[in-house]
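Each remark here refers to the structure printed beneath this line.
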Amino acid sequence: MKSLLHEDAGSSPASAWRPNGSRFNQKTWLFDLDNTLHNASAHIFPRIHVSMMAYICRHLNVDEAEATRLRQTYWKRYGATLLGMMRHHGTDPRHFLQQTHAFDDLASMVVSERGLKQMLQRLPGRKIIFSNAPQQYTEAVLALTGIRRHFAAVYPVERFRFQPKPATAGFLHLLHKERLDPRACIMVEDSLPNLKTAKRLGMKTVWVSTCSRQPPYVDVRLASVVDLPKRLGRL
């Protein structure tokens, strides 16, 4: 497990990746899901927050204050609560994700923008979902938004060995499985740490955010993902 959590000390991301039979002449879009293709902050993330707090309190026998401290620590260190729970408490990732992403009323919680399907249809190139969310939840959201058919492949966190973004290992696993050259990929995300890893690997980056600032590792910033086809000239 440890070897997957850290990069090789003696190699750069570029040298760690050796494309073999890559699709050099075709752009590939790597789309995050939550808060990129739909608004998870409106209803879903608050529910996940409550579920994760309850899970940590129950399984580690701690109070809410300590559970909050642990979540903040793991998020800052690893970019995901899951990785901290796995590394420091031996948590079964499948059980954790199943318990924290269980929704009886998901259909009423998904919020997506008008024009999302049309945007994906207009966008040239191959499209892949690359999400830290679990498979069952990811597939359910894609079905509810009606956009599953636009994606050639879906990579929930199970498919990249529970090594969530921004860890480099998950990116490299996807690139290897899909035989992609990172220089022909465009990462579309709401999370800056994830985009920073993508840029370091050689990808173009699109930040979905209403923030006015734009870090140097972001090539394009969009307030709404549906505006993506208008900015193709910069990618």
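Flag: Thr100 does not match the condition of being at pLDDT below 95 and surrounded by 13 or more Cβ atoms within 10 Å (Cβ to Cβ). Residues that are more than 21 Å from the chain's Cα centre (by Cα) and either of a type in the set (Gly, Ala, Ser) or under 17 Å from Ala169 (Cβ atoms) (or both) within the range 64-103 comprise Ala65, Ala67, Gly90, listed in sequence order.
Considering the range 147-172, the residues that are open to solvent by 30 Å² or more (accessible area, probe 1.4 Å) and without any contact (Cβ under 8 Å) to a residue 60 or more places away in the chain include one that is farthest from Ala80 (Cα to Cα), namely Arg149. Of all the listed residues (His59, His95), the sole one being at pLDDT 95 or above, loosely packed, with under 14 Cβ neighbours inside 10 Å and assigned to a helix (DSSP H, G or I) is His95. Scanning the range 117-146 for residues that are polar (S, T, N, Q) and either surrounded by 17 or more Cβ atoms within 10 Å (Cβ to Cβ) or within 12 Å of the chain's Cα centre (by Cα) (or both) turns up Ser131, Asn132, Gln135, Thr138, Thr145. Within the range 147-167, the set of residues being closer than 18 Å to Thr28 by Cβ, of a type outside the set (Lys, Arg), part of a helix (DSSP H, G or I) and at pLDDT 95 or above comprises just one member, His150. Looking at the structure I just gave you, is Val110 hydrophobic (A, V, I, L, M, F, W, C), at negative phi and outside any loop (DSSP other than H, G, I, E, B)? In short, no. Candidates are the residues of the range 215-232 that are among the charged types (D, E, K, R) and out of contact with any Leu (no Cβ under 8 Å at 6 or more places or on another chain); the one that is nearest to Leu37 (Cα to Cα) is Asp227. Scanning the range 41-56 for residues that are surrounded by 16 or more Cβ atoms within 10 Å (Cβ to Cβ) and without any contact (Cβ under 8 Å) to a residue 40 or more places away in the chain yields Met53, Ile56. Only residues that are under 15 Å from the mean Cα position of the chain (by Cα) and either more than 21 Å from Gln26 (Cα to Cα) or part of a helix (DSSP H, G or I) (or both) were counted in the range 178-206, giving 10. Annotation note: Cβ proximity below 7 Å between a residue of the range 201-214 that is under 12 Å from Asp32 (Cβ atoms) and a residue that is among the hydroxyl-bearing types (Ser, Thr, Tyr) (sequence gap 6+ or interchain) occurs for Thr205/Tyr217; Val208/Thr36.
Whether a residue is among the small types (Gly, Ala, Ser), in contact (Cβ under 8 Å) with a residue 12 or more places away in the chain and not in a helix (DSSP H, G or I) was assessed, and Ala140 does not pass this test.
Looking only at residues in the range 62-72 that are closer than 21 Å to Gln163 by Cβ and in contact with a helix residue (DSSP H, G or I) (Cβ under 7 Å, 6 or more places away or on another chain), the one that is surrounded by the most Cβ atoms within 10 Å (Cβ to Cβ) is Leu70.
The values are calculated or read from the model by the stated rules, or taken from the named source; none is laboratory data. Values in this document were obtained by computation on a predicted structure and should not be read as measured data. Reconstructed Cβ throughout: ideal geometry from the backbone, glycine too, with neighbour counts over all protein chains shown. What goes into the accessible areas is simple: the full protein's heavy atoms, side chains included, and nothing from ligands, DNA or RNA. Shrake-Rupley method; radii C 1.70, N 1.55, O 1.52, S 1.80 Å.
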